[in-house]
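The values are calculated or read from the model by the stated rules, or taken from the named source; none is laboratory data. Given the structure is predicted, the values throughout are model-derived calculations rather than measurements. Positions of Cβ are generated from backbone atoms using ideal geometry, with glycine treated the same way; all protein chains shown enter the neighbour counts.
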């Protein structure tokens, strides 16, 4: 993205629906304004520490994540005055109002998490902490499912080298069970990501 502001939406919508869509974003935004020098100390900290934090990474599912150059941010009518140092992080609400700006010493995993939670409380009925805990648990379960998948693949390779009808039936049962558990995992993820938004003030559903 090179700009943050709303755009008119008309296709397939009534006039009132179009106005609402143009006035409010689908999600709040977490905007990363990059430094011209991507190897500077703060940029490296963002990449290797802040963005690598598991709670931060999962928490971004509440946001539309945007990466902008310094030049584009200076020309953007909504965030051009939101901070002056790069790199920086700007959190913008669904009403396109700047909520938080993190820059210089304000950039850390802990401070970003606090800013994300403030924004989520403003924009959602869903709990940030509850979703993040649940999703991390899902990811741990996925690791176990991937382990089972790898074991089945290894079993398939062994059967190819040395066929066995009894082992083939046993492996087929394991594959069926894995497919069923993977489907259940997908449904759990879908349900967890049904994030409930707060209705913007002054706009009726």
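Some notes on this structure:
- Selection status of residue 125, loosely packed, with under 15 Cβ neighbours inside 10 Å, free of Cβ contacts under 8 Å to residues at least 24 places away in the same chain and under 30 Å from residue 32 (Cα atoms): no
- Condition met for residue 190 (surrounded by fewer than 10 Cβ atoms within 10 Å (Cβ to Cβ), in a helix (DSSP H, G or I) and at pLDDT 95 or above): yes
- When 110, 93 are screened for being within 18 Å of the chain's Cα centre (by Cα), under 25 Å from residue 130 (Cβ atoms) and exposed (fewer than 15 other Cβ atoms within 10 Å of the Cβ), only 110 passes.
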